[in-house]
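See structure below.
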Amino acid sequence: MGCGNQRHSSVIGPLFALVDCNNFYVSCERVFNPKLHRRPVVVLSNNDGCVVARSEEAKALGIPMGIPYFRVRELLEDHQAAVLSSNYTLYADMSNRVMQTLATFTPSFEIYSIDEAFLSLQGLSGDPLTIGRRIRRTVLQWTGIPVSVGIAPTKTLAKIANHWAKNHPDLEGVFDISRTECLPSILEQIDIEKVWGIGRRLSEKLRPLGIRTAWHLAQANAGWIQKRFSVSAARTVLELRGQVCFRLEESPEVNQNIMVSRSFGQPVRTIEHLQEAVSTYLSRAAEKLRQQKLCAQILTVFARNSPFGSAPFCCPSASFIFETATQSTLEMMKAAQTLLPRVYRPNIAFHKAGVLLSGLVPADKVQPNLFDNVSVRRRDNRLMQVLDRLNAARKQVFFASEGIRQPWRTSFRCKSPAFTTRWSDLPIVS
């Protein structure tokens, strides 16, 4: 008997399905550009620096993830590959569509990342494999995005099932590991570094101890693993044996920090351009803060030059502590102006800058100090609400300190249109 799927039907007990979009960024681009099918496609990071997504055809050329574009440019040109800049607006919108589709199958699901979600199948009627195939078919039909589905009694095994489904075309993208008799054989073929929650650093410590595969880890003494490494690692051992330790996290955790940073399209040498960049990033960070109904106690501004240049690497930063936690862009902009002279270096060509908001507290639990000007704070809150409504769909109002031309702006030379979020970019059917 092979390691394929066996049929099973009844009211489903505790069972997870991991739905993972295949080559997500590339798949989003292919939905609106059929010419990209059956040819190598890569998507690049900010400033078109590194490869961050590859089609199967590009992987077959031996192009690794994260490699600088200039190192594979000639290879890609020789094979007439399509090279695209990241289009995060498109990817975020397509991700929302995929997640909305998944929500029609079960009310219990966890959005794990932009292209992954865990679903609880418990209580559903029918064959888990059939449900998995229906999920795959529906997501493809409604959004155009191909997905793989891994089904298992635990989240850790669901990740392995999904990996198995992706790498075995005969399974047609869906694999239920809970009904296979080949689980030991499958786990023996999974490198320890590929196990969810283990990673490179922990796997380097496990290999000298003879734990080289998922099967080895599943056979390890969980108590010894906990004592030697961590509770989380011990839970992974139990999950590999089918014991649920990681449950669905249906409510996203409250952020501890909010950071917005970007690499510049060209080096920044003047404090005026550095101020524009910091103001732009701070404006975006404050928007995120208000969307999450939080206030920040600490603002940190930082900038750095290239670590690969001839000049010594430097990364100056400075922080400001607000007397009362705030979510006002106005108040943060004023604080940032006082920090910039401490960050700027006249002889440094900065390649990146950013802002970090920390000490986050819920907006309705902020403790004002004795001398806080409540009327000014209320006025600022109303102004921010108006600003957020005006900029909800597209940024129309911005602070003068953000600049207009922004020559430092991150470049995306090969960016596709905003097919789903801008009327002027809608595809025309002829």
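The values are calculated or read from the model by the stated rules, or taken from the named source; none is laboratory data. This one's a predicted model, so the numbers in the text were calculated from it and none came from an experiment. Here the Cβ is made from the backbone with ideal geometry for all residues, glycine too, and neighbour counts use every protein chain on show. Protein only, heavy atoms only, side chains kept; ligands, DNA and RNA dropped before computing areas. Shrake-Rupley method; radii C 1.70, N 1.55, O 1.52, S 1.80 Å.
Per residue of the chain, the DSSP helices (runs of n ≥ 4 H) give a summed -39500 (n - 2.57) that works out to -11000 deg cm²/dmol at 222 nm. Applied to the range 329-334, the Karplus parametrisation 6.51 cos²θ - 1.76 cosθ + 1.60 on θ = phi - 60° returns per-residue 3J(HN,Hα) values of 4, 4, 5, 6, 4, 4 Hz, with x for Gly and Pro. Ordered from largest to smallest accessible area (heavy atoms of protein chains, 1.4 Å probe), the residues Ser55, Ser317, Ser401 come out as Ser317, Ser401, Ser55. Net charge in the neighbourhood of Leu171 (other residues with Cβ under 13 Å of its Cβ; Lys, Arg +1, Asp, Glu -1) is +1. Modelled spin-label separation between His168 and Ser306, with each label point placed 7 Å from Cα along the Cα-to-Cβ direction: 4.7 nm.
The alpha-carbon of Lys334 sits under 27 angstrom from the alpha-carbons of these lysines, leaving out residues fewer than 8 places away in its chain: Lys288, Lys293, Lys352, Lys365, Lys395. Listed peptides 381-388, 56-63 appear in the order 56-63, 381-388 once ranked by packing, highest mean of other Cβ atoms within 10 Å at the front. From the square roots a ≥ b ≥ c of the eigenvalues of the alpha-carbon gyration tensor of the range 294-430, which class results: rounded (a/c under 1.5), prolate (a/b over b/c), or oblate? In terms of gyration-tensor shape, oblate. Checking the cross-link pairs Lys35/Lys415; Lys166/Lys205; Lys159/Lys227; Lys205/Lys227; Lys155/Lys227; Lys166/Lys194 against a 19 Å limit on the alpha carbon distance flags Lys166/Lys205; Lys159/Lys227; Lys155/Lys227 as lying beyond it.
Rounded to the nearest 20 debye, the dipole size of the chain about its Cα centre is 580 debye, using +1 on the Cβ of Lys and Arg and -1 on the Cβ of Asp and Glu.
Annotation: amide H-H contacts under 5 Å for Lys352 (H modelled 1.01 Å from N, sequence separation of 5 or more, or interchain): Phe264, Arg304. FRET efficiency for the pair Thr138 and Arg201, taken as 1/(1 + (r/R0)^6) with r the Cβ-Cβ distance and R0 = 41 Å, rounds to 0.60. Angle of helix 231-240 to the longest C-alpha principal axis of the chain, folded into 0 to 90 degrees and rounded to 10: 30°.
For the chain, the share of DSSP beta bridges that are antiparallel, to the nearest 5, is 85%.
Accessible area per residue was computed with a 1.4 Å probe on protein heavy atoms; Lys194 scores about 150 Å². Note on Cys182 and Ile271: their simple-model spin labels are 6.7 nm apart, each label 7 Å out from Cα toward Cβ. For the range 313-430, the carbon plus sulfur part of the accessible surface works out to 57%, probe radius 1.4 Å.
Protection proxy ranking of 141-151, 207-217, by the mean of other Cβ atoms within 10 Å over each peptide's residues and highest first, is 141-151, 207-217.
Derived value for the chain: Kirkwood hydrodynamic radius 24.7 Å. Basis is the mean of 1/r over every pair of different alpha-carbon atoms.
Couplings 3J(HN,Hα) of the range 379-394, computed from phi: 4, 4, 4, 5, 4, 5, 5, 5, 4, 5, 5, 5, 9, 4, 7, 7 Hz, in residue order, whole Hz [Karplus 6.51 cos²θ - 1.76 cosθ + 1.60, θ = phi - 60°; x for Gly and Pro].
Once backbone amide H atoms are built at 1.01 Å from N, Thr154 has Phe16 as its partners under 5 Å, excluding neighbours fewer than 5 places away on the same chain. Coupling constants for the range 298-310 follow from the phi torsions by the Karplus curve (6.51 cos²θ - 1.76 cosθ + 1.60, θ = phi - 60°), and in residue order they are 10, 10, 10, 10, 9, 8, 8, 8, 6, x, 9, x, 7 Hz; glycine and proline get x. Computing FRET efficiency as 1/(1 + (r/R0)^6) for Asn369 and Gln396, where r is the C-beta to C-beta distance and R0 is 30 Å, gives about 0.30. In this structure, Phe313 and Ile67 have a Cβ-Cβ separation that, at R0 = 30 Å, corresponds to a calculated FRET efficiency of about 0.85. Judged by the mean number of other Cβ atoms found within 10 Å, the most tightly packed of the peptides 126-138, 299-311 leads the ranking 126-138, 299-311.
Between the amide H of Asp127 and those of Ser10, distances stay under 5 Å, these residues lying 5 or more places away or on another chain, with hydrogens modeled in the peptide plane. Counted residue by residue at 0.36 nm each, then reduced by the alpha carbon distance between them, the extension gain from Ser411 to Thr89 reaches 114.4 nm.
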